[in-house]
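Read the structure below first, then the notes.
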Amino acid sequence: MKILGISGGQKDGSNDSMCKEVLMVAKEMGAEVEFVRLLDLDIKPCTGCVACSISLVSGKGNRCSVKDDLDWLLDKILDADGIIVCNPIFEKGAPGLFHTVMDRCGPRMDKGINFVATKLAEKTGGKIPDPRILKDKVISYIGIGGSDWCTRIKCDHAVHAMTPGWKVIDNEVFQWSKTIILEDDKIARVREIARNLVEAARDIENAQYKGHPGVCSHCHSRNFYLDETSTHAICCVCGIEGDIKIEDGKIKFVFPDEQLEHAHDTLSGKLLHAEDIKKNEDGNIEKKKSDEYKARVAKYKAFISASVPERK
């Protein structure tokens, strides 16, 4: 059993320390551990070229046009049974580098799209994506903030797990915690998170969420897209649509059972999304061949060029 620790913070800072605290417990419990700091890696932004989507839906594997350290990181991730991510909280949410990793992992790590791509490659004799992408995995998150402006981080973390369909065990936030290494009560909670993760990694099939129940009873999110004219709401993580109600003085998110088939973190919902992506990409390929499309691209290209700084 292998537990991978990923820190999104500065070297030897609070995030490194709490990530290592989890790994210490994991090692005590018999796990093989490894530690990665995102700031040590060269991870470039996603260019939006959709090479990953096109290669997957055409049975040509799982390609990315950007060459950097991401594939090295993904290999570490795919080899692990459990992952602990510790991130500093910037602008209420996860830092930009972590979002860059999320962007680059979009279709490439989506379990539904890779499932469809695998079936297509097997049928056509194409290139099969890495089979490790389809394996279940458990993950826990820790967000460490220097104030109480921390209301976005759990949603960011949950969306990261949503794409590959990993099971979230804990999704914890520590406010006012820049010196967390001196706060024994918080360290005790970190150690509990570690034990929960290791126990879940030992029995991934039966692993269960251990954190705060949240408002969405399916994914435990507290973040919703609200309709200003009704009680209708959409969960920002799993995409389930329902209604916000107040029962016994508590907020409750109520939705029909059939919504679960469309949830963004279920295989059924992901397969629906994968089919939609395939249809859309196929249509886009044809549209881009048209003279009208090429003429419009030429119009915008000719209008103005991007300003760039002088390089010495």
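The values are calculated or read from the model by the stated rules, or taken from the named source; none is laboratory data. Values in this document were obtained by computation on a predicted structure and should not be read as measured data. Every residue, glycine among them, receives a Cβ derived from its backbone with ideal geometry; neighbour counts consider all protein chains shown. With ligands, DNA and RNA removed, areas are computed over all heavy atoms of the protein, side chains included. Shrake-Rupley method; radii C 1.70, N 1.55, O 1.52, S 1.80 Å.
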| field | Calculated on alpha-carbon atoms, Rg and Dmax of the stretch 244-292 in Å | value | 18.6, 61
| task | Report, for the stretch 54-163, the % of DSSP beta bridges that are antiparallel, rounded to 5. | result | 10 percent
| request: Please give the FRET efficiency for Asp248 paired with Asn280, using the beta carbon to beta carbon distance and R0 = 45 Å, rounded to the nearest 0.05. | output: 0.55
| What is the P(r) of the stretch 152-294, as percent of Cα-Cα pairs per 5 Å bin from 0? | 2, 8, 13, 15, 16, 13, 12, 8, 5, 3, 2, 1, 0, 0
| task | Express in whole angstrom the spacing between the alpha-carbon centres of the stretch 153-200 and the stretch 43-69. | result | 30 Å
| message | Using 0.36 nm times the number of residues separating Asp291 and Lys119, minus their current alpha carbon distance, what extension gain do you get? | response | 58.5 nm
| field | Distance (nanometres) between label positions extended 7 Å along Cα→Cβ at Asp136 and Asp79 | value | 2.4 nm
| query | Once label points are set 7 Å from the Cα along Cα→Cβ at both Leu226 and Thr179, what is their separation, rounded to one decimal in nm? | reply | 3.7 nm
| message | Run the helix sum for the chain: -39,500 (n - 2.57) per DSSP H stretch of 4+ residues, divided by residue count, reported at 222 nm to the nearest 500 deg cm²/dmol. | response | -12500 deg cm²/dmol
| request: Pop out the ³J(HN,Hα) list for the stretch 69-82 in order, Karplus 6.51 cos²θ - 1.76 cosθ + 1.60 with θ = phi - 60°, rounded to Hz; leave Gly and Pro as x. | output: 8, 5, 4, 4, 5, 4, 4, 5, 4, 5, 7, 7, 8, x
| said: I'd like the projected area of the stretch 207-280, averaged over all directions, using the convex hull of its alpha carbons. Report it in nm² with one decimal. | reply: 6.4 nm²
| remark: Going residue by residue through the stretch 286-291, the Karplus relation 6.51 cos²θ - 1.76 cosθ + 1.60 with θ = phi - 60° gives ³J(HN,Hα) values, rounded to whole Hz and with x marking Gly or Pro, of 5, 4, 6, 7, 6, 5
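Of all the accessible heavy-atom surface of the stretch 14-84, with the other protein chains kept in place and a 1.4 Å probe, what percent is carbon and sulfur? Walk me through the numbers before you get to the answer.
Details: 1630 of 3160 Å².
C and S atoms contribute 51 percent here.
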| field | the chain - Kirkwood radius from inverse mean 1/r over Cα pairs (Å) | value | 21.2 Å
| note | trypsin sites (Lys or Arg not before Pro) in the stretch 134-207 lying in a DSSP loop, each with at most 16 other Cβ atoms within 10 Å of its Cβ, come to Lys135, Lys178
| What is the chain's relative contact order, in percent, from Cα pairs under 8 angstrom and six or more apart in sequence? | 16 percent
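Would you mind telling me the antiparallel percentage of the DSSP bridges in the chain, rounded to 5?
30 percent
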| task | Take the cross-link list Lys154/Lys250; Lys67/Lys167; Lys154/Lys186; Lys67/Lys288; Lys76/Lys119 and give me the ones stretching past 23 Å between alpha-carbons. | result | Lys67/Lys167; Lys67/Lys288; Lys76/Lys119
| Heavy-atom accessible area per residue - the chain, 1.4 Å, Å² | 55 Å²
| Dipole size in debye (nearest 20) for the chain around its Cα centre, Lys and Arg Cβ +1, Asp and Glu Cβ -1? | 1220 debye
| request: On the protein heavy atoms, probe 1.4 angstrom, tell me the percent of accessible surface of the stretch 94-166 carried by carbon and sulfur. | output: 57 percent
| request: Keeping the other protein chains in place, figure out the carbon and sulfur percent of the accessible area of the stretch 250-312, with a 1.4 Å probe. | output: 56 percent
